[in-house]
Structures are given as structure tokens and as C-alpha cells.
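Input: a single structure, listed below in C-alpha cells.
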Amino acid sequence: MNGFVRRMALALAAASCASCAMVHREPPPELARTRFVSDYPTYSLRRVGLLPIAGLEGDPRRQAEFAQAFLFEFARSAPYEVVALDAGQVAEVDPSRPHERGAYSARTVLELAQRFRLDGLLMGEVTQLEVYSPQLLAVQLELISAETGLAIWASAVHIDGGDRDLTPNFEHFRRMQRDDAQGSADLQVTLLSPARLARFAAFEIARTL
């Protein structure tokens, strides 16, 4: 009898471990390619501004979707406070609309940092966007130091909605979004919705922080 009980206990322990392994699955590799300057850890980053995403001129709704996506994902993952700046706030400092050109002068960066008490600025650009299935999206982001006016961190991600190799990443994204009001969206919704794909891109970049 003791042998039977012992075997049952071992079997239950093995099943429990297998169940834990299924629940605590290892996340897939990050899709984003990220680089840091060698002295990145020495920078004090407490409050960082998110500038309007470039490359979406003429489509304010889409630009707002991307801004919301990156603000949400970075607010959850970044080790600093993220503050979204709109085009009007940027224009108060530089009326030449640098967010539409995708280029900010060092003077603009420093003035924005001083006005809004920022330690850095996140500058993003959509370099490829195809909203019809299969969706294509390429986004790049840089963190500019308010101290030096130079990029100290940069990340880029390219997403092909038709690439089946990305399925583990999409599934990981879906699992991690369950605490979000939109987190129940399945894989098909993400592949068909530009707003959800923007969230996915922001999620993958934020994973590298």
C-alpha cells in the first residue's frame, strides 16, 4: 500500500510540475532590434516625453492610435514616467512642425525638455504601414537625452502579419493583455486591426526596456 501511495504522490507531483510548466511558459524571443549607448546606465531618466509619431501625416486618427499604443505599453514597462506631448505643445516651442518632418533640432529638444521638465524625449516614426491583410508595419523609436541632445537608446521592429513564425509572439502578446479592456482580442483581430497591430509593435519594443 505504501508503495502505491508513493507512486501516486510522485505521479501527482509530476502532473503538477507539468501544469506549472504549461502556465509559466517561457516568452518567445523579442522581435525588436534594440541598441543602447555604452554609458546608458549613467543617465538619470525619471520623466520622458513621447513626441507625436512621424510618418502618419494626414491621418490624425491613426497617429492618435499609435500615440496611445506606445504611451500605454511604455507606461506599463518603462522604468520612468512617460508623458505624451501633442502637436500643439510641440508647436509652442517650434512652429515649423518638426514632428511632420521626423526631424527635431537640438534646440527644440532642449526647449521641450526644459518647458515640460523632461529628462529625455521619445521620437518615433512609422516607416512602413499596410493596413490591408496581411498587414505590414515597421516602426522605429529613439530616446533623446535632454542632457546631451543625442540618441542614447533606439529600437525598431518590422511586423509581417502573414509570417507564421510570429505566432508565438502574437500569442504571448494576447496572454499579457488579459488585464486590459481590449485584452480578449484574439489573434485574428490583431492581424486585421491596425490599432491592435500598433499595440503589438509597441508591446514588442517595450519588452526590450
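The values are calculated or read from the model by the stated rules, or taken from the named source; none is laboratory data. Remember, predicted model here, so these are calculated numbers, not experimental data. Here Cβ is always computed from backbone atoms with ideal geometry, including for glycine, and neighbour counts include all displayed protein chains. Side chains are part of the model used for accessible areas, which takes the heavy atoms of the whole protein and leaves out ligands, DNA and RNA. Shrake-Rupley method; radii C 1.70, N 1.55, O 1.52, S 1.80 Å.
Scanning the stretch 113-169 for residues that are acidic (Asp, Glu), open to solvent by 40 Å² or more (accessible area, probe 1.4 Å) and assigned to a loop (DSSP other than H, G, I, E, B) gives Glu147, Asp163.
Of note, Asp39 satisfies the criterion of being of a type outside the set (A, V, I, L, M) and either open to solvent by less than 30 Å² (accessible area, probe 1.4 Å) or at pLDDT 90 or above (or both). Residue count for the stretch 115-149 under the criterion of being without any contact (Cβ under 8 Å) to a residue 12 or more places away in the chain and not aromatic (Phe, Trp, Tyr): the result is 2. Just to verify a result, which residue in the stretch 42-61, among those that are open to solvent by less than 40 Å² (accessible area, probe 1.4 Å) and in contact with a helix residue (DSSP H, G or I) (Cβ under 7 Å, 6 or more places away or on another chain), is farthest from Ile152 (Cα to Cα)? Step by step, filter the stretch 42-61, then rank; the result is Leu56.
Being open to solvent by 60 Å² or more (accessible area, probe 1.4 Å) and either modelled with pLDDT of 95 or more or touching a helix residue (DSSP H, G or I) at 6+ places or on another chain (Cβ under 9 Å) (or both), is that true of even one residue in the stretch 3-21? Scanning the stretch 3-21 turns up no residue that is open to solvent by 60 Å² or more (accessible area, probe 1.4 Å) and either modelled with pLDDT of 95 or more or touching a helix residue (DSSP H, G or I) at 6+ places or on another chain (Cβ under 9 Å) (or both). Within the stretch 143-192, being at pLDDT 75 or above, closer than 21 Å to Phe72 by Cβ and of a type in the set (Asp, Glu) holds for one residue alone: Glu171. Within the stretch 197-209, the set of residues being basic (Lys, Arg) and within 14 Å of Ala138 (Cα to Cα) comprises just one member, Arg199.
Looking only at the stretch 24-67, how many residues end up being part of a helix (DSSP H, G or I) and without any contact (Cβ under 8 Å) to a residue 40 or more places away in the chain? Walk me through it before giving the result.
Quick first cut of the stretch 24-67, residues part of a helix (DSSP H, G or I) only: 40-42, 60-67.
Applying the additional criterion that residues be without any contact (Cβ under 8 Å) to a residue 40 or more places away in the chain yields 41-42, 60-61, 63-64, 67.
Counting residues in the stretch 24-67 that are part of a helix (DSSP H, G or I) and without any contact (Cβ under 8 Å) to a residue 40 or more places away in the chain gives 7.
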